[in-house]
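The values are calculated or read from the model by the stated rules, or taken from the named source; none is laboratory data. The model shown is predicted, which means the values in this text are computed figures rather than measured ones. Glycine also receives a Cβ, built like all others from the backbone with ideal geometry; neighbour counts cover every protein chain displayed. Surface accessibility is based on the protein's heavy atoms, side chains included, excluding ligands, DNA and RNA. Shrake-Rupley method; radii C 1.70, N 1.55, O 1.52, S 1.80 Å.
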Amino acid sequence: MGSSEIFVVVLITAIVMVSAAMLIAWWAAPSSKNAQKGETYECGIPTRGTSWMQFNVGYYLFAILFLMFDVETVLLFPWAVIMKSLGVDGLIAVGFFLVVLVLGLAYAWRKGALEWK
Amino acid sequence: MDFELVNLISWIDESLRDLCGDASWAVSLIEYVLIAIAFLGLYCVLALILILLERKICADFQCRIGPNRVGPWGLCQPIADMFKILLKEIITLKNNDKFLFFTAPFLILAGSLGTFGALQFGKGLVGVDFNVGIFYMLAISSLGVIGILLAGWSSDNKYTLIGAMRSGAQLISYEISAGISILTMVLLGGSLNLTDLIEGQKDSWYLFQGHIPAIIAFIIYLIAGHAETNRGPFDLPEAESELCAGYHTEYSGITFGFFYLAEYLNMFIIAGIGTMVFLGGWQPFHINYEWASGFNELMDYIPSYCWFVGKVFMLVLLSLWVRWSFPRLRIDQLLHLEWKILMPISLVNMLLMAGWVAYIAAQNN
């Protein structure tokens, strides 16, 4: 059996498990309709307005920074596998790549993108 | 020789083939169902054990007794909880986005079980074994972040939204240092395949092979991995005193149960990855000297799956200890810790390891 088939089996297992448990709960659990029950639970008093609105832009900044470094990690993985045969040359080549990246991080740091406001 | 679960598996495979004769599709089908049942059973049993363990240890830390009514020492408490949670009503809200609301548990469980399926539980005891195994684990565990963001967003509740955003920021931030510290060990091992990585630790674990860079990477991985489970000092997404319960406030009954299950299993999975990459996976502890050969043979008698589970539970206990010992961080402290301390250190550490590997390669040539 190949790994790809087991991977599909595992994913299907997850989906079947969640659906089966939800079906059992839907069939076995009591249910009653109540106007109060469908309200948003925040702190007891009625909620004001919708939650689908603007929120702190700081989260986006970190998401963009994350994107930069995550792509960097993806690019470094193949390099890490063959580092043993590359030797010092590989280290120098990746050093240039990292310098460019760290410059970007230094810029973000200097501009205050890493501060939480 | 000694009893290994692999023999049992190959015995089942052979007897199925004898039984079915030419119908090889039937053998595959039965084996797929058996694999699914095995993973599901292991997943649920581990979750029950971890939940009881957490509650008992938490009680000990706080000088309480903990669950002690259902069964001896409360051993049946998590099973009772499981049945109770199945019989609770799933409340549907008035305003939420119902499709996304019910998609989120699917994504979280798929991410969690997909990562769980790639763990190597023992010698030959492995489900998903890709040639880019460790990369696959990092990739599929990110499904959980999407699930959490969907859960918080679709609930139409300000607290769940804040909880989900905090959780997203925290998970993606700490994923970088966890990824880079794993990358550091891939440099040493020279492979992305988990079987190869574990085979490479036959004589001594990577934690000892890699000297100081490996130890720094291990510590960074422990901190970042602990933060990825949303627990302990990093439980901002569900800070009870601020946000009700964070991103799963509006979930009830079994839909909440899935988040609970995934949280505990993620603890196991993070510890499992740490074990495979740093602590030798299922490899027994060996001292690489001539005089210790008797000791090494003695260690070989312990079955491989016992080694794996033992090491993982050691890391899980460490994580529980941390969780109940430290006060919660603020979000600015959390991001400061990751972006200004852990990430620069792990980058420099990775270069140190690359230099070390290049030095060894130059020595060998």
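Take B:333-341, A:103-111 and order them by the average number of nearby Cβ atoms within 10 Å per residue, most first; the result is B:333-341, A:103-111. The residue list B:348, B:227, B:293 was ranked by how far each Cα lies along the charge dipole of the protein assembly as shown toward its positive end, using unit charges on Cβ atoms, and B:227 comes out on top. Over the protein assembly as shown, what percent of the accessible surface lies on carbon and sulfur atoms, probe 1.4 Å? Heavy-atom surface of the protein assembly as shown belonging to carbon and sulfur, 1.4 Å probe: 69 percent.
In the structure shown, the pairs A:111/B:158; A:84/B:311; A:33/B:158; A:37/B:94 are assessed against 20 Å; a Cα-Cα span above that value is assigned to A:111/B:158; A:84/B:311; A:33/B:158. Using only side-chain charges placed at the Cβ, +1 for Lys and Arg and -1 for Asp and Glu, the dipole size of the range B:90-364 relative to its Cα centre rounds to 380 debye. For chain B, a Gaussian network of Cα nodes joined below 10 Å ranks B:47, B:80, B:104 by mean-square fluctuation, and the top entry is B:80. Centre-to-centre separation between the Cα atoms of the range B:92-113 and those of the range A:57-117: 33 Å. Post the alpha-carbon centroid distance, the range B:117-148 to the range B:31-88, in whole angstrom. Cα centroid to Cα centroid, the span is 24 Å.
Of the trypsin sites (Lys or Arg not before Pro) found in the range B:88-117, those in coil by DSSP whose Cβ has at most 14 other Cβ atoms within 10 Å are B:94.
Net charge around residue B:220, counting only other residues with Cβ within less than 14 Å of its Cβ (Lys, Arg = +1; Asp, Glu = -1)?
-2
What is chain B by shape, rounded, prolate or oblate, if you read a ≥ b ≥ c off the alpha carbon gyration tensor as root eigenvalues and call it rounded for a/c under 1.5, prolate for a/b larger than b/c, and oblate otherwise? Oblate is the answer for chain B, as a/c is 1.5 or above yet b/c matches or exceeds a/b. Summed over the residues of chain B and divided among them, the accessible surface reaches 43 Å² per residue at a probe radius of 1.4 Å.
Highest average first, the peptides B:152-160, B:308-316 ordered by how many other beta carbon atoms sit within 10 Å of their residues are B:152-160, B:308-316. Relative to the dominant Cα principal axis of chain A, helix A:88-110 is inclined by about 50°.
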